[in-house]
Amino acid sequence: MGFSFLNFFSSDIGIDLGTANTLIYVKGRGIVVNEPSIIALEENSDKVIAVGDEARQMLGRTHQDIVTIRPLKDGVIADFEANEIMIREFIKKANINRMMLGKIVVCVPSGITEVEKRAVRDSAERAGGREAHLVAEAMASAIGVGLDIQEPIGNMIVDIGGGTAEIAVISLNGIVHHTSIRVGGDEMNQAIIHYFKKNYNLLIGEKSAENLKCDIGSAAPLEEELVTEVKGRDLVDGIPKTIEVTSEQIRSALNDSIMTIVDAIKLSLERTPPELASDILDRGIILTGGGALLMNLDVRIREETSMPIHVAEDPLTCVARGCGTILDNLDRFEKVLLKQRRSG
Ligand code: ADP
Ligand code: MG
(Lines give C-alpha, C1' and ligand atoms only; values in the text may rest on other atoms or scores of the structure.)
(Ligands and ions follow the chains in the order given, each with its own letter.)
Protein backbone atom coordinates (compact mmCIF):
# COMPACT_ATOMS: atom_id res chain seq x y z
CA MET A 1 0.00 0.00 0.00
CA GLY A 2 1.30 3.43 -0.90
CA PHE A 3 2.26 6.01 1.64
CA SER A 4 -0.27 8.74 1.91
CA PHE A 5 -1.12 11.67 4.09
CA LEU A 6 -4.13 9.77 5.48
CA ASN A 7 -2.17 6.62 6.28
CA PHE A 8 0.32 8.67 8.21
CA PHE A 9 -2.25 10.19 10.50
CA SER A 10 -4.73 7.34 10.71
CA SER A 11 -5.16 5.20 13.80
CA ASP A 12 -4.81 1.43 13.50
CA ILE A 13 -6.67 -0.45 16.19
CA GLY A 14 -7.04 -3.98 17.54
CA ILE A 15 -10.25 -5.18 19.17
CA ASP A 16 -10.61 -8.12 21.55
CA LEU A 17 -14.32 -8.74 21.16
CA GLY A 18 -14.96 -10.96 24.18
CA THR A 19 -18.19 -12.41 25.54
CA ALA A 20 -17.54 -10.69 28.86
CA ASN A 21 -15.14 -7.84 28.06
CA THR A 22 -14.14 -5.79 25.04
CA LEU A 23 -10.65 -4.31 24.86
CA ILE A 24 -9.34 -1.88 22.27
CA TYR A 25 -5.66 -1.47 21.52
CA VAL A 26 -4.64 1.64 19.61
CA LYS A 27 -1.31 1.60 17.83
CA GLY A 28 1.13 3.83 19.64
CA ARG A 29 -1.20 4.30 22.61
CA GLY A 30 -1.73 0.79 24.03
CA ILE A 31 -4.97 -0.54 25.51
CA VAL A 32 -7.35 2.39 25.80
CA VAL A 33 -10.72 0.67 26.30
CA ASN A 34 -11.32 -2.24 28.68
CA GLU A 35 -15.00 -2.59 29.55
CA PRO A 36 -17.78 -5.17 29.80
CA SER A 37 -19.38 -6.16 26.46
CA ILE A 38 -22.75 -4.70 27.37
CA ILE A 39 -24.91 -2.07 25.75
CA ALA A 40 -28.06 -0.34 26.99
CA LEU A 41 -30.51 0.77 24.32
CA GLU A 42 -33.82 2.58 24.27
CA GLU A 43 -36.37 -0.12 23.57
CA ASN A 44 -38.10 1.30 20.52
CA SER A 45 -35.60 3.64 18.92
CA ASP A 46 -32.32 1.73 19.40
CA LYS A 47 -30.90 4.97 20.76
CA VAL A 48 -27.76 4.24 22.77
CA ILE A 49 -28.24 4.95 26.46
CA ALA A 50 -24.95 3.55 27.75
CA VAL A 51 -22.14 1.17 26.88
CA GLY A 52 -19.59 -0.85 28.85
CA ASP A 53 -19.15 -0.14 32.57
CA GLU A 54 -22.04 2.30 32.61
CA ALA A 55 -24.39 -0.18 30.93
CA ARG A 56 -23.28 -2.86 33.35
CA GLN A 57 -24.36 -0.72 36.29
CA MET A 58 -27.82 -0.74 34.74
CA LEU A 59 -28.07 -4.55 34.42
CA GLY A 60 -31.19 -5.68 36.25
CA ARG A 61 -31.97 -2.07 37.22
CA THR A 62 -33.62 -0.70 34.07
CA HIS A 63 -37.27 0.17 33.51
CA GLN A 64 -39.33 -1.08 30.59
CA ASP A 65 -38.12 1.49 28.04
CA ILE A 66 -34.46 0.51 28.35
CA VAL A 67 -32.95 -2.86 27.45
CA THR A 68 -29.46 -3.97 28.42
CA ILE A 69 -27.96 -6.40 25.94
CA ARG A 70 -24.89 -8.62 25.94
CA PRO A 71 -24.49 -9.07 22.18
CA LEU A 72 -22.15 -12.05 22.58
CA LYS A 73 -23.21 -15.22 24.33
CA ASP A 74 -21.48 -18.57 24.66
CA GLY A 75 -18.74 -17.38 22.33
CA VAL A 76 -21.10 -16.59 19.47
CA ILE A 77 -22.73 -13.36 18.35
CA ALA A 78 -26.27 -13.58 19.67
CA ASP A 79 -27.36 -10.12 18.50
CA PHE A 80 -25.66 -8.84 15.33
CA GLU A 81 -27.24 -5.40 15.38
CA ALA A 82 -26.42 -4.69 19.02
CA ASN A 83 -22.91 -6.02 18.41
CA GLU A 84 -22.33 -3.51 15.61
CA ILE A 85 -23.65 -0.64 17.72
CA MET A 86 -21.41 -1.73 20.59
CA ILE A 87 -18.28 -1.86 18.40
CA ARG A 88 -19.05 1.63 17.08
CA GLU A 89 -19.59 3.03 20.57
CA PHE A 90 -16.36 1.52 21.92
CA ILE A 91 -14.38 2.96 19.00
CA LYS A 92 -15.90 6.34 19.87
CA LYS A 93 -14.81 5.78 23.48
CA ALA A 94 -11.27 5.16 22.25
CA ASN A 95 -11.38 8.76 21.08
CA ILE A 96 -10.83 8.05 17.42
CA ASN A 97 -12.54 10.07 14.77
CA ARG A 98 -14.07 7.63 12.26
CA MET A 99 -12.47 9.57 9.43
CA MET A 100 -9.10 8.77 10.97
CA LEU A 101 -9.66 5.04 11.44
CA GLY A 102 -7.06 2.94 9.66
CA LYS A 103 -6.66 -0.80 9.85
CA ILE A 104 -8.70 -2.84 12.30
CA VAL A 105 -7.71 -6.27 13.59
CA VAL A 106 -10.55 -8.00 15.41
CA CYS A 107 -9.97 -11.10 17.53
CA VAL A 108 -12.84 -13.54 17.35
CA PRO A 109 -13.56 -16.97 18.87
CA SER A 110 -11.85 -19.71 16.86
CA GLY A 111 -15.11 -21.54 16.24
CA ILE A 112 -16.84 -18.57 14.61
CA THR A 113 -18.95 -19.32 11.50
CA GLU A 114 -18.52 -17.73 8.05
CA VAL A 115 -21.70 -15.71 8.64
CA GLU A 116 -20.36 -14.36 11.92
CA LYS A 117 -16.99 -13.56 10.36
CA ARG A 118 -18.70 -11.60 7.63
CA ALA A 119 -20.84 -9.73 10.18
CA VAL A 120 -17.85 -8.76 12.32
CA ARG A 121 -15.86 -7.64 9.30
CA ASP A 122 -18.78 -5.62 7.94
CA SER A 123 -19.34 -4.04 11.36
CA ALA A 124 -15.67 -3.03 11.55
CA GLU A 125 -15.75 -1.55 8.06
CA ARG A 126 -19.02 0.28 8.63
CA ALA A 127 -17.51 1.72 11.82
CA GLY A 128 -15.01 3.40 9.50
CA GLY A 129 -12.17 0.86 9.35
CA ARG A 130 -10.30 1.03 6.05
CA GLU A 131 -9.10 -2.55 6.18
CA ALA A 132 -10.52 -5.16 8.55
CA HIS A 133 -8.69 -8.37 9.46
CA LEU A 134 -9.86 -11.18 11.70
CA VAL A 135 -7.64 -13.26 13.96
CA ALA A 136 -8.54 -16.30 16.06
CA GLU A 137 -8.47 -15.38 19.74
CA ALA A 138 -6.33 -18.38 20.64
CA MET A 139 -3.68 -17.22 18.20
CA ALA A 140 -3.73 -13.64 19.48
CA SER A 141 -3.62 -14.94 23.01
CA ALA A 142 -0.54 -17.08 22.28
CA ILE A 143 1.19 -14.10 20.69
CA GLY A 144 0.17 -11.89 23.64
CA VAL A 145 1.73 -14.38 26.03
CA GLY A 146 4.95 -14.10 24.06
CA LEU A 147 5.08 -17.59 22.53
CA ASP A 148 6.94 -17.92 19.29
CA ILE A 149 4.06 -19.38 17.32
CA GLN A 150 6.13 -19.50 14.14
CA GLU A 151 8.34 -22.32 15.39
CA PRO A 152 7.56 -25.98 14.64
CA ILE A 153 6.87 -26.56 18.33
CA GLY A 154 3.56 -27.44 19.99
CA ASN A 155 1.99 -25.08 22.52
CA MET A 156 -1.31 -25.48 24.32
CA ILE A 157 -3.34 -22.45 25.31
CA VAL A 158 -6.45 -22.75 27.46
CA ASP A 159 -8.45 -19.51 27.45
CA ILE A 160 -11.29 -19.36 29.94
CA GLY A 161 -13.54 -16.42 29.14
CA GLY A 162 -17.07 -15.42 30.04
CA GLY A 163 -18.99 -17.74 27.73
CA THR A 164 -16.53 -20.42 26.72
CA ALA A 165 -13.31 -22.21 27.48
CA GLU A 166 -11.20 -22.53 24.35
CA ILE A 167 -8.44 -25.08 24.14
CA ALA A 168 -6.01 -24.73 21.26
CA VAL A 169 -2.84 -26.48 20.21
CA ILE A 170 -0.72 -24.14 18.13
CA SER A 171 2.32 -24.78 15.98
CA LEU A 172 3.85 -23.21 12.85
CA ASN A 173 1.42 -20.25 12.66
CA GLY A 174 -1.61 -22.47 12.75
CA ILE A 175 -4.14 -24.04 15.07
CA VAL A 176 -3.46 -27.78 14.93
CA HIS A 177 -6.33 -28.73 17.15
CA HIS A 178 -9.11 -26.67 18.69
CA THR A 179 -11.94 -27.36 21.13
CA SER A 180 -14.46 -24.92 22.49
CA ILE A 181 -16.82 -25.75 25.32
CA ARG A 182 -19.62 -23.57 26.56
CA VAL A 183 -18.31 -23.46 30.08
CA GLY A 184 -16.75 -20.25 31.28
CA GLY A 185 -17.21 -17.54 33.88
CA ASP A 186 -20.94 -17.13 33.22
CA GLU A 187 -21.64 -20.80 33.81
CA MET A 188 -19.61 -20.67 37.04
CA ASN A 189 -21.77 -17.75 38.22
CA GLN A 190 -24.91 -19.75 37.41
CA ALA A 191 -23.53 -22.72 39.34
CA ILE A 192 -23.07 -20.49 42.40
CA ILE A 193 -26.61 -19.10 42.07
CA HIS A 194 -27.93 -22.67 41.80
CA TYR A 195 -25.97 -23.76 44.87
CA PHE A 196 -27.64 -21.18 47.12
CA LYS A 197 -31.08 -21.84 45.68
CA LYS A 198 -30.77 -25.57 46.25
CA ASN A 199 -29.06 -25.57 49.64
CA TYR A 200 -30.39 -22.40 51.29
CA ASN A 201 -33.55 -21.46 49.39
CA LEU A 202 -31.75 -18.20 48.79
CA LEU A 203 -31.93 -16.33 45.50
CA ILE A 204 -28.78 -14.31 44.88
CA GLY A 205 -28.09 -11.97 41.95
CA GLU A 206 -25.63 -12.61 39.14
CA LYS A 207 -23.35 -9.80 40.31
CA SER A 208 -23.25 -11.27 43.84
CA ALA A 209 -22.38 -14.69 42.40
CA GLU A 210 -19.57 -13.18 40.34
CA ASN A 211 -18.21 -11.35 43.38
CA LEU A 212 -18.20 -14.56 45.42
CA LYS A 213 -16.35 -16.36 42.62
CA CYS A 214 -13.70 -13.66 42.21
CA ASP A 215 -13.26 -12.97 45.95
CA ILE A 216 -13.26 -16.44 47.50
CA GLY A 217 -13.72 -18.89 44.61
CA SER A 218 -11.11 -21.60 44.07
CA ALA A 219 -10.50 -24.88 42.26
CA ALA A 220 -8.37 -26.61 44.92
CA PRO A 221 -8.03 -26.23 48.73
CA LEU A 222 -6.55 -22.93 49.91
CA GLU A 223 -3.80 -22.64 52.46
CA GLU A 224 -6.20 -20.61 54.52
CA GLU A 225 -9.88 -21.03 53.66
CA LEU A 226 -11.88 -17.79 53.40
CA VAL A 227 -15.23 -16.56 54.70
CA THR A 228 -17.50 -13.78 53.49
CA GLU A 229 -21.18 -12.84 53.38
CA VAL A 230 -23.77 -12.80 50.65
CA LYS A 231 -27.14 -11.07 50.43
CA GLY A 232 -30.12 -12.62 48.71
CA ARG A 233 -33.85 -13.10 48.91
CA ASP A 234 -35.27 -15.96 50.90
CA LEU A 235 -37.42 -17.98 48.53
CA VAL A 236 -39.71 -19.19 51.30
CA ASP A 237 -40.71 -15.96 53.02
CA GLY A 238 -39.59 -13.56 50.28
CA ILE A 239 -37.52 -11.45 52.65
CA PRO A 240 -33.95 -10.24 51.92
CA LYS A 241 -31.35 -11.89 54.12
CA THR A 242 -27.59 -12.19 54.60
CA ILE A 243 -25.74 -15.45 55.15
CA GLU A 244 -22.13 -16.42 55.78
CA VAL A 245 -20.29 -18.22 52.97
CA THR A 246 -17.02 -20.17 52.98
CA SER A 247 -14.53 -20.77 50.20
CA GLU A 248 -15.16 -24.53 50.57
CA GLN A 249 -18.80 -23.98 49.65
CA ILE A 250 -17.99 -21.94 46.56
CA ARG A 251 -15.40 -24.55 45.57
CA SER A 252 -17.98 -27.30 45.72
CA ALA A 253 -20.44 -25.15 43.71
CA LEU A 254 -17.77 -24.68 41.00
CA ASN A 255 -16.63 -28.28 40.89
CA ASP A 256 -18.74 -29.46 37.94
CA SER A 257 -17.65 -26.53 35.76
CA ILE A 258 -14.00 -27.15 36.64
CA MET A 259 -14.28 -30.88 35.88
CA THR A 260 -15.85 -30.13 32.49
CA ILE A 261 -12.86 -27.93 31.65
CA VAL A 262 -10.39 -30.55 32.94
CA ASP A 263 -12.06 -33.29 30.87
CA ALA A 264 -11.91 -31.15 27.74
CA ILE A 265 -8.20 -30.51 28.31
CA LYS A 266 -7.56 -34.25 28.73
CA LEU A 267 -9.48 -35.02 25.56
CA SER A 268 -7.50 -32.39 23.64
CA LEU A 269 -4.24 -33.89 24.88
CA GLU A 270 -5.37 -37.32 23.69
CA ARG A 271 -6.12 -35.91 20.25
CA THR A 272 -2.83 -34.04 19.91
CA PRO A 273 -0.27 -35.68 17.59
CA PRO A 274 2.49 -37.34 19.70
CA GLU A 275 5.36 -35.01 18.73
CA LEU A 276 3.35 -31.96 19.69
CA ALA A 277 2.06 -33.63 22.86
CA SER A 278 5.64 -34.23 23.90
CA ASP A 279 6.42 -30.52 23.31
CA ILE A 280 3.47 -29.61 25.52
CA LEU A 281 4.68 -31.96 28.23
CA ASP A 282 8.03 -30.11 28.17
CA ARG A 283 6.67 -26.60 27.94
CA GLY A 284 3.40 -26.91 29.84
CA ILE A 285 -0.11 -25.62 29.27
CA ILE A 286 -0.74 -21.89 29.47
CA LEU A 287 -3.94 -20.55 31.06
CA THR A 288 -5.32 -17.22 29.84
CA GLY A 289 -8.62 -15.30 30.05
CA GLY A 290 -10.34 -14.06 33.20
CA GLY A 291 -11.10 -17.61 34.35
CA ALA A 292 -7.35 -18.22 34.76
CA LEU A 293 -7.56 -15.91 37.80
CA LEU A 294 -9.69 -18.40 39.74
CA MET A 295 -7.57 -19.30 42.76
CA ASN A 296 -5.64 -22.57 42.48
CA LEU A 297 -7.05 -23.44 39.08
CA ASP A 298 -3.48 -24.16 37.97
CA VAL A 299 -2.94 -26.42 41.00
CA ARG A 300 -6.09 -28.38 40.21
CA ILE A 301 -5.38 -28.81 36.48
CA ARG A 302 -1.81 -29.86 37.32
CA GLU A 303 -3.16 -32.52 39.71
CA GLU A 304 -5.69 -33.79 37.20
CA THR A 305 -3.47 -33.87 34.11
CA SER A 306 0.07 -34.26 35.51
CA MET A 307 1.15 -31.54 33.07
CA PRO A 308 3.08 -28.38 33.96
CA ILE A 309 0.57 -25.49 34.10
CA HIS A 310 1.37 -21.78 33.84
CA VAL A 311 -1.01 -18.89 34.44
CA ALA A 312 -0.27 -16.13 31.93
CA GLU A 313 0.75 -12.77 33.25
CA ASP A 314 -2.26 -10.43 33.26
CA PRO A 315 -4.54 -13.07 31.69
CA LEU A 316 -7.39 -10.63 30.99
CA THR A 317 -5.33 -8.63 28.50
CA CYS A 318 -3.40 -11.39 26.62
CA VAL A 319 -5.68 -11.31 23.58
CA ALA A 320 -5.65 -7.50 23.31
CA ARG A 321 -1.87 -7.37 23.71
CA GLY A 322 -1.44 -10.10 21.10
CA CYS A 323 -3.79 -8.20 18.83
CA GLY A 324 -1.52 -5.18 19.28
CA THR A 325 1.58 -7.17 18.37
CA ILE A 326 -0.13 -8.47 15.23
CA LEU A 327 -1.22 -4.94 14.30
CA ASP A 328 2.29 -3.58 14.79
CA ASN A 329 3.78 -6.37 12.62
CA LEU A 330 1.07 -7.15 10.08
CA ASP A 331 3.56 -8.36 7.46
CA ARG A 332 5.20 -10.80 9.83
CA PHE A 333 1.87 -12.16 11.03
CA GLU A 334 0.17 -12.30 7.64
CA LYS A 335 -0.23 -16.07 8.06
CA VAL A 336 -2.26 -15.86 11.25
CA LEU A 337 -5.00 -13.68 9.76
CA LEU A 338 -8.20 -15.66 9.24
CA LYS A 339 -8.91 -16.28 5.60
CA GLN A 340 -12.35 -15.55 4.41
CA ARG A 341 -14.26 -15.80 1.21
CA ARG A 342 -15.16 -12.34 0.01
CA SER A 343 -18.01 -11.76 -2.33
CA GLY A 344 -17.94 -8.73 -4.62
P1 ADP B 1 -14.11 -12.86 27.44
O2 ADP B 1 -12.88 -13.02 26.63
O3 ADP B 1 -15.16 -13.89 27.18
O4 ADP B 1 -14.67 -11.47 27.36
P5 ADP B 1 -12.47 -12.55 29.80
O6 ADP B 1 -11.21 -13.20 29.43
O7 ADP B 1 -12.52 -11.06 29.78
O8 ADP B 1 -13.70 -13.12 28.96
O9 ADP B 1 -12.85 -13.10 31.25
C10 ADP B 1 -14.05 -12.72 31.86
C11 ADP B 1 -14.45 -13.76 32.85
O12 ADP B 1 -13.42 -13.95 33.83
C13 ADP B 1 -15.72 -13.37 33.60
O14 ADP B 1 -16.64 -14.44 33.58
C15 ADP B 1 -15.20 -13.10 35.00
O16 ADP B 1 -16.17 -13.43 35.97
C17 ADP B 1 -14.01 -14.03 35.09
N18 ADP B 1 -13.06 -13.58 36.12
C19 ADP B 1 -12.47 -12.38 36.25
N20 ADP B 1 -11.70 -12.34 37.36
C21 ADP B 1 -11.82 -13.56 37.96
C22 ADP B 1 -11.28 -14.15 39.16
N23 ADP B 1 -10.47 -13.47 39.97
N24 ADP B 1 -11.64 -15.42 39.45
C25 ADP B 1 -12.45 -16.11 38.64
N26 ADP B 1 -12.99 -15.63 37.50
C27 ADP B 1 -12.67 -14.36 37.17
MG1 MG C 1 -11.42 -13.52 25.57
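Numbers below:
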| read-out | value |
| --- | --- |
| Residue match in region 156-174 (condition: without any contact (Cβ under 8 Å) to a residue 40 or more places away in the chain, of a type in the set (A, V, I, L, M, F, W, C) and farther than 30 Å from Ile96 by Cβ) | yes |
| Residue count, region 16-44 (criterion: surrounded by fewer than 19 Cβ atoms within 10 Å (Cβ to Cβ) and closer than 20 Å to Leu101 by Cα) | 7 |
| Odd one out for Ile13 among (1) under 24 Å from Glu116 (Cβ atoms); (2) open to solvent by 60 Å² or more (accessible area, probe 1.4 Å); (3) away from ligand 1 (no atom under 15 Å from the Cβ); (4) modelled with pLDDT of 95 or more | (2) |
| Met100, sole failed condition from (1) under 20 Å from the mean Cα position of the chain (by Cα); (2) open to solvent by 10 Å² or more (accessible area, probe 1.4 Å); (3) not small (Gly, Ala, Ser) | (1) |
| Single condition Gly344 does not satisfy, out of (1) at negative phi; (2) open to solvent by 40 Å² or more (accessible area, probe 1.4 Å); (3) modelled with pLDDT under 95; (4) assigned to a loop (DSSP other than H, G, I, E, B) | (1) |
| Test: Val51 is away from ligand 2 (no atom under 16 Å from the Cβ), touching a Phe, Trp or Tyr at 6+ places or on another chain (Cβ under 8 Å) and closer than 23 Å to Gly128 by Cβ | yes |
| Total residues in region 290-315, condition within 13 Å of ligand 1 (Cβ to nearest atom) and open to solvent by 80 Å² or more (accessible area, probe 1.4 Å) | 2 |
| Cβ-Cβ under 8 Å pairs, at least 6 apart or on other chains, region 299-324 side among the β-branched types (Val, Ile, Thr), far side open to solvent by 80 Å² or more (accessible area, probe 1.4 Å) and within 12 Å of ligand 1 (Cβ to nearest atom) | Val311/Leu293; Thr317/Asn34 |
| Residues of region 249-264 classified as over 23 Å from the mean Cα position of the chain (by Cα) and surrounded by 15 or more Cβ atoms within 10 Å (Cβ to Cβ), total | 1 |
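Conditions tested, residue by residue: (1) within 16 Å of ligand 1 (Cβ to nearest atom); (2) closer than 21 Å to Ala312 by Cα; (3) among the aliphatic types (A, V, I, L, M).
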{"residue": "Glu89", "(1), (2), (3)": "no, no, no"}
{"residue": "Met99", "(1), (2), (3)": "no, no, yes"}
{"residue": "Ile112", "(1), (2), (3)": "yes, no, yes"}
{"residue": "Ser123", "(1), (2), (3)": "no, no, no"}
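The values are calculated or read from the model by the stated rules, or taken from the named source; none is laboratory data. Predicted, not measured: the structure shown is a model, and the values here were computed from it. As a convention, Cβ positions derive from the backbone with ideal geometry for all residues, glycine included, and neighbour counts pool all protein chains shown. Note: areas computed on protein heavy atoms with side chains; ligands, DNA, RNA excluded. Shrake-Rupley method; radii C 1.70, N 1.55, O 1.52, S 1.80 Å.
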